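Peer 1: So that we are looking at the same thing, I have put the structure below in structure tokens.
The values are calculated or read from the model by the stated rules, or taken from the named source; none is laboratory data. Only a predicted model underlies this, so the values are computations on that prediction, with no experimental measurement involved. Heads up, the Cβs are rebuilt from the backbone with ideal geometry, glycines too, and the neighbour counts pull from every protein chain shown. Heavy atoms of the whole protein, side chains included, go into the accessibility calculation; ligands, DNA and RNA do not. Shrake-Rupley method; radii C 1.70, N 1.55, O 1.52, S 1.80 Å.
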Amino acid sequence: MSSFHRSIRAAATAAIAVAPLAMAGGPALAAATPLLQAPMHRTGSATPFFISHGAGRNTTVTSDNWSGYAATGSTYTSVSTTFTQPAVKCSSGDQYSSFWVGLDGYSSDSVEQTGTEADCDGRTAEYSAWYELYPAYPVTYSNTVKPGDVITETVSFSGSETYAMTIKDSTEGWTKTTTKNSRGDARSSAEVIAEAPYDGGVLPLSDFGTVNFSGSTVDGSTLSSFNPTGIDMTADSNGAAEATVSALSGGSFSDTWNSQ
């Protein structure tokens with residue numbers, strides 16, 4: 001693991017901002033920043049770009065960091081999904097991907113979320129699980145995550161501004177629930193997302209093949225009953241497809257990485 005990755009993991013686990021380190025006789029060094037699962041960035045302009053994909057496909061927008069489905073237009077209290085952790089193909093360079101559920105982020109600046117990470121440090125694949133109340137830094141769990149593990153993720157809101165973020169790895173046999181208070185969040189969207197994480201800009205997306213989400217629900221009802229918006233990820237510079245969603249069937253859909 002590179003020193004860059006070690007710095008990111010340590011900072012994310014501690015979930016604190018570290019002041020630049022001053023060295024005698026030299027300039028201050030910038031501290032490494034944990035990877036963030038940021039709100040959705042729309043490509044082209046602030047106005048969503050709607051694309052027609054034919055029968056069976058929900059209205060779809062493009063983003064340079066999200067791909068998946070988002071229920072919008074109301075106030076939401078819970079979201080959940082299950083998927084098999086995809087294996088990433090690593091050849092060279094650093095690449096990143098996250099798979100999560102959350103409230104907010106589609107049209108608001110906060111996101112309350114939990115998910116897994118599948119990154120490439122050169123030819124080495126690295127997997128982890130985390131929770132985040134963006135814009136605070138994510139916190140990485142120490143629990144083992146492996147390709148092929150069955151993952152269930154849930155974020156729920158209750159009174160007193162309380163969010164419970166639960167991630168369960170049925171294959172490895174562990175569950176982590178973190179409860180945090182966050183005041184004044186809009187809860188204006190509920191989403192199931194594959195993401196290219198953010199660190200000063202959208203990072204290169206790792207090749208995760210296809211991830212299949214199932215049993216996706218919002219407020220206890222099947223995701224499709226909310227007529228959610230589909231989101232395809234495209235490169236902001238040239239509009240090339242990076243990840244695309246399939247048609248939604250009940251609470252099931254697939255998300256597929258595309259070669260750039």
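Peer 1: Check off (1) over 16 Å from the mean Cα position of the chain (by Cα); (2) modelled with pLDDT under 95 for Tyr137 and give me the number that stays unchecked.
Peer 2: It fails just one condition, (1).
Peer 1: It is to be established whether one or more residues within segment 85-94 are outside any loop (DSSP other than H, G, I, E, B), closer than 21 Å to Tyr137 by Cα and touching a residue at least 24 places away in the same chain (Cβ under 8 Å).
Peer 2: The answer is yes; a qualifying residue exists.
Peer 1: Within segment 79-91, identify whether any single residue is at pLDDT below 95 and open to solvent by 20 Å² or more (accessible area, probe 1.4 Å), and answer yes or no.
Peer 2: yes
Peer 1: Open to solvent by less than 30 Å² (accessible area, probe 1.4 Å) and without any contact (Cβ under 8 Å) to a residue 60 or more places away in the chain: which single residue out of Tyr141, Tyr127 fits that description?
Peer 2: When all the criteria are applied, what remains is Tyr141.
Peer 1: Just to be sure I understand, how many residues within segment 157-172 are surrounded by 17 or more Cβ atoms within 10 Å (Cβ to Cβ) and of a type in the set (Asp, Glu)?
Peer 2: Residues in segment 157-172 being surrounded by 17 or more Cβ atoms within 10 Å (Cβ to Cβ) and of a type in the set (Asp, Glu): 1 in total.
Peer 1: How many residues, within segment 249-260, are closer than 10 Å to Phe213 by Cα and in a loop (DSSP other than H, G, I, E, B)?
Peer 2: Residues meeting the conditions: 1.
Peer 1: Further question: When you look at Val211, is it farther than 19 Å from Lys89 by Cα, touching a residue at least 40 places away in the same chain (Cβ under 8 Å) and open to solvent by less than 10 Å² (accessible area, probe 1.4 Å), yes or no?
Peer 2: Considered against the rule, which asks whether it is farther than 19 Å from Lys89 by Cα, touching a residue at least 40 places away in the same chain (Cβ under 8 Å) and open to solvent by less than 10 Å² (accessible area, probe 1.4 Å), Val211 comes out as no.
Peer 1: When the residues of segment 95-110 are narrowed to those that are open to solvent by less than 20 Å² (accessible area, probe 1.4 Å) and in a strand (DSSP E or B), which ends up farthest from Phe253 (Cα to Cα)?
Peer 2: Within segment 95-110, the match that is farthest from Phe253 (Cα to Cα) is Tyr96.
Peer 1: On the given criteria, is Thr62 outside any strand (DSSP E or B), closer than 17 Å to Thr229 by Cβ and in contact (Cβ under 8 Å) with a residue 24 or more places away in the chain?
Peer 2: no
Peer 1: Only one of these is open to solvent by 30 Å² or more (accessible area, probe 1.4 Å) and in contact with a Lys or Arg (Cβ under 6 Å, 6 or more places away or on another chain): Thr154, Thr175. Name it. Reasoning before the result, please.
Peer 2: Values: Thr154 fails: in contact with a Lys or Arg (Cβ under 6 Å, 6 or more places away or on another chain).
Matching residue, one of Thr154, Thr175: Thr175.
Peer 1: When both residues are 6+ apart or on different chains and their Cβ atoms are under 6 Å apart, which pairs have a first residue that lies in segment 163-185 and is of a type in the set (Asp, Glu), and a second that is open to solvent by less than 40 Å² (accessible area, probe 1.4 Å)?
Peer 2: So the pair list comes out as Asp169/Asp149; Asp169/Ile151; Glu172/Asp149; Asp185/Asp104; Asp185/Ser110.
Peer 1: Taking the condition of being touching a Ser or Thr at 6+ places or on another chain (Cβ under 6 Å), assigned to a strand (DSSP E or B) and aliphatic (A, V, I, L, M), how many residues in segment 206-240 meet it?
Peer 2: Residues that pass the stated criteria total 2.
Peer 1: Do you know which residues across segment 218-256 are touching a Gly at 6+ places or on another chain (Cβ under 6 Å) and either open to solvent by 20 Å² or more (accessible area, probe 1.4 Å) or small (Gly, Ala, Ser) (or both)?
Peer 2: Answer for segment 218-256, where residues must be touching a Gly at 6+ places or on another chain (Cβ under 6 Å) and either open to solvent by 20 Å² or more (accessible area, probe 1.4 Å) or small (Gly, Ala, Ser) (or both): Thr222, Ser224, Ala247, Gly251.
Peer 1: Return the residues of segment 61-78 that are on the phi > 0 side of the Ramachandran plot and open to solvent by less than 10 Å² (accessible area, probe 1.4 Å); say none if nothing qualifies.
Peer 2: Looking only at segment 61-78, we keep the residues that are on the phi > 0 side of the Ramachandran plot, and these are 68, 73.
Passing the criteria: only Gly68.
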